[in-house]
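Every number in this text was worked out from the coordinates using simple rules, so none of it is lab data. Everything numeric here is computed off the predicted structure, so don't read it as measured data. We place every Cβ from the backbone using ideal geometry, glycine too, and count neighbours over all the protein chains shown.
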Amino acid sequence: MKDSAPRIWRMRNNLYRIRYSKCKACGASFYPARASCIRCSSRDVEVRVSLGLGTLVEYTVLYQVPARMQDNAPMVIGVVRLDEGFELYGVIVDADIKDLRKGMRVEAVLRRLRVDGSSGLITYGIKFRPVIGAAHGEGSGRG
Amino acid sequence: MIRNVFINAGSAVEIDRHFDKGFKALALEAFRRLESSYGSVEPDTLVISSMAPESMSEQIGIAGVIADHLALRRLKVFRVEMGEASGLAAILTAYSLVSSGLSKGVLVIGVEKVSEYPVSLIAKVYSMIGDSDYTGLYGISPASEAAILAKIYMDRYGYSYEDLFKWPVLMHKNAVKNPHAQLRFMLKSDSYKDSPIISEPLRLLDAYPFGDGASALYISSMPGDTAVEISGVGSSNDSCDAISREDPLFFRSVRESFDDALRMAGIGRDRVKYIEIHDSYTPYAYIVLESLGLVERGDAPRKISMESSSIDTTYVNISGGLKARGHPWGATGIYQTYEVFRSLLGEAELSDSYGAVQSMNGPGSQSYSVIMRRVR
């Protein structure tokens with residue numbers, strides 16, 4: 001058993017949703033959530049939950065995939081700009097590599113991250129997929 | 001009273017896949033070479049820099065184990081770990097110990113066993129240099145982050161992949177002349193065509209090679225017959241990931257640590273005639289040179305001289321850099337410092353000037369700088 005059950009349980013609020021910080025002093029939003037603002041250092045920040053809709057800003061196709069992720073190779077790693085105004089790195093799924101383009105709308109989905117053998121934990125977390133049927137740069141409904 | 005701090009001696013073991021040597025044998029080899037070039041030393045402190053001995057060698061308390069293997073006794077023993085920047089963090093630690101008077105002579109050994117496991121497992125351990133709860137758990141590796149920054153760089157400044165590939169070609173050319181470099185062979189300007197993609201657009205030839213190594217320095221408060229003085233040190237930090245920063249193409253911590261070291265040395269950056277920088281991936285070489293303020297933003301690929309390996313009048317990575325000398329993680333900062341030390345003592349052209357080392361963990365997540373000059 002490689003994965004710690006307490007660790008994964010403890011991380012549930014970060015694994016199953018996108019929690020970010022919003023600074024009440026300067027208005028900056030950033031991910032991951034932190035206790036102080038990474039722009040103005042104010043302690044007056046609050047944690048918010050993103051709706052999970054955003055735009056693909058940049059991406060790469062990763063072939064040298066770390067151990068325990070190799071079933072997913074090659075992986076698409078993207079920079080997603082969430083509609084709440086912050087950027088994060090995320091894994092992009094459910095898309096042919098040739099169909100990916102910068103500026104496409106993406107949405108958060110819950111997916112399997114890794115499996116710990118036949119008797120250990122299955123860890124889930126947030127990845128992103130293209131919004132089905134959404135126009136370039138503008139999107140609404142879920143597919 | 002703050003004491004002056006000198007580097008008296010150094011050594012380096014060839015970086016390679018040393019399947020026949022563990023970390024103890026590598027550290028011992030570095031120590032023997034240091035003493036055979038300088039004479040015996042009597043350290044009162046041992047500082048070991050090593051990034052991941054728990055994962056790669058199942059060893060905690062590595063400094064104590066090495067001290068015992070070298071049969072050194074009555075020592076203050078420390079291990080310093082700050083990811084890939086462990087080596088330079090160890091130099092700052094040794095500097096602090098000597099300048100404060102707590103230690104008189106510090107033996108610093110950087111040692112790392114990297115090539116103990118298959119590549120996917122090495123890549124997983126290396127992925128731990130970032131925030132494991134964020135990037136690590138999702139498989140967002142350092143190579144993929146470097147690839148994304150490369151694309152943003154190419155997009156913003158109008159470079160092609162071929163433009164950026166100058167750097168690996170130059171580093172391999174330099175490494176041919178470095179006896180302890182791992183990749184001592186030349187590349188052609190189109191060698192990338194045969195190199196597998198690790199995270200597009202970056203190929204295997206854009207990344208540092210996996211290799212084991214050990215390098216040692218003796219740092220003391222006594223200048224001795226020949227010595228290099230540590231004139232300035234600096235350190236700073238930033239977010240673990242680059243993308244949450246206001247500008248992912250400017251490594252603020254690199255600039256701050258270098259400026260602090262220059263201020264401490266009392267010099268401008270124009271006095272630095274030779275610098276070893278942290279070029280784990282091709283785009284980082286250019287971003288670091290620009291963040292250091294040695295060249296305008298977006299100009300590094302155009303301004304680096306392929307003939308003299310220099311930016312303006314500053315020589316850069318004569319060693320071959322992480323790219324071709326190699327990057328045995330926690331040992332790298334010691335190799336870099338040894339290379340600058342050796343050049344300041346051996347190259348007449350550099351005898352009246354300053355040398356510098358820049359090191360970082362991840363994309364400028366934590367940064368260290370050291371400035372030194374020959375005094376005897």
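I need the calculated FRET efficiency for the pair residue B:25 and residue A:94, taking r as the beta carbon distance and R₀ as 35 Å, to the nearest 0.05. The pair residue B:25/residue A:94 has a calculated efficiency of 0.10. Taking the Cβ-Cβ separation of residue A:41 and residue B:40 as r and a Förster radius of 60 Å, what is the calculated FRET efficiency to the nearest 0.05? According to the calculation, E is roughly 0.75.
Phi angles of the range A:29-39 translate, via the Karplus equation with coefficients 6.51, -1.76, 1.60 and θ = phi - 60°, into HN-Hα couplings of 10, 7, 9, x, 4, 9, 6, 10, 6, 6, 9 Hz per residue; Gly and Pro are given as x. In this simple spin-label model, placing a label point 7 Å from the Cα along the Cα-to-Cβ direction at both residue B:222 and residue B:308 gives a separation of 4.0 nm.
For n ≥ 4 DSSP H runs only, could you compute -39500 (n - 2.57) per run for chain B, divide by its residues and tell me the 222 nm figure to the nearest 500? Let's see the in-between values first.
On the way: 13 runs with 129 residues, N = 376.
My calculation for chain B gives -10000 deg cm²/dmol from helical runs alone.
In square nanometres and to one decimal, what's the mean projected area of the convex hull around the Cα atoms of the range B:1-151?
Dividing the Cα hull surface by four gives the mean projection, 11.1 nm².
Over 31 Å apart: what share of the alpha carbon pairs of the protein assembly as shown falls there, rounded to a whole percent? Please report the intermediate quantities before stating the final value.
Working: 61211 of 134421 pairs.
When all Cα pairs of the protein assembly as shown are counted, 46 percent exceed 31 Å.
For chain B, the longest principal axis of the Cα atoms and the long axis of helix B:166-175 meet at an angle of about 30 degrees. The alpha carbon convex hull volume per residue for the range A:1-128 rounds to 118 Å³. Counted without the sites themselves, the longest stretch of chain A free of trypsin sites (Lys or Arg not before Pro) in a DSSP loop having at most 16 other beta carbon atoms within 10 Å is A:44-100. In loop segments of the range B:67-174 as defined by DSSP, there are no GluC sites (Glu not before Pro) with at most 15 further C-beta atoms inside 10 Å of their C-beta. Taking a ≥ b ≥ c as the square roots of the Cα gyration tensor eigenvalues, the range B:184-261 comes out oblate, since a/c reaches at least 1.5 and a/b does not exceed b/c.
Need one number: the % of Cα-Cα pairs in the range B:323-376 sitting beyond the 15 Å mark.
More than 15 Å apart: 51 percent of the Cα pairs in the range B:323-376.
Over the range B:254-299, the ratio between the Cα radius of gyration and 2.2 N^0.38 Å evaluates to 1.15.
Taking 0.692 mPa s as the viscosity and 37 °C as the temperature, the Stokes-Einstein diffusion coefficient of chain B based on its alpha-carbon Kirkwood radius rounds to 162 µm²/s. Couplings 3J(HN,Hα) of the range B:26-42, computed from phi: 5, 5, 5, 4, 5, 5, 4, 5, 4, 5, 6, 8, 10, x, 6, 10, 10 Hz, in residue order, whole Hz [Karplus 6.51 cos²θ - 1.76 cosθ + 1.60, θ = phi - 60°; x for Gly and Pro]. Of the chymotrypsin sites (Phe, Trp or Tyr not before Pro) in the range B:133-187, the ones in a loop by DSSP (not H, G, I, E or B) with at most 14 other beta carbons within 10 Å are B:185.
Annotation: extensible slack from residue B:102 through residue B:188 equals 25.9 nm (criterion: 0.36 nm per residue apart, minus Cα-Cα distance). Taking N as the residue count of the range B:228-374, its C-alpha radius of gyration divided by 2.2 N^0.38 Å amounts to 0.95. Note on the range B:288-344 and the range B:125-168: Cα centroid distance 19 Å, given to the nearest whole angstrom.
From the alpha carbon centroid of the range A:1-80 to that of the range B:39-63 is 34 Å.
Note on residue B:121 and residue A:10: their simple-model spin labels are 2.6 nm apart, each label 7 Å out from Cα toward Cβ. Helix B:142-157 axis versus longest C-alpha principal axis of chain B: approximately 60°, rounded to the nearest ten.
One quarter of the convex hull surface built on the alpha carbon atoms of the range B:48-121 amounts to 5.2 nm², the projected area averaged over directions.
Using only helices, what value at 222 nm comes out for chain A when you add -39,500 (n - 2.57) per DSSP H run of length 4 or more and divide by the total residues, to the nearest 500 deg cm²/dmol? Per the formula, -1500 deg cm²/dmol. Residues whose amide H lies under 5 Å from that of residue A:42, counting only those 5 or more places away or on a different chain, are A:37; hydrogens are built 1.01 Å from N in the peptide plane. Computed over chain A with a Gaussian network model linking Cα atoms closer than 10 Å, the most mobile of A:28, A:73, A:108 is A:73.
Between residue A:49 and residue A:71, what length in nm is gained on full extension when 0.36 nm per residue of separation is reduced by their alpha carbon distance? Present the calculation step by step, with values, prior to reporting the outcome.
Values: separation 22, 0.36 × 22 = 7.92 nm, distance 2.99 nm.
Between residue A:49 and residue A:71, full extension yields 4.9 nm more.
Take every pair of alpha-carbon atoms less than 8 Å apart whose residues are at least six positions apart; their mean separation over the length of the range B:228-374 yields a relative contact order of 39 percent.
Here the spin labels are modelled as points 7 Å beyond Cα on the Cα-Cβ line, and at residue B:376 and residue A:109 they lie 6.9 nm apart.
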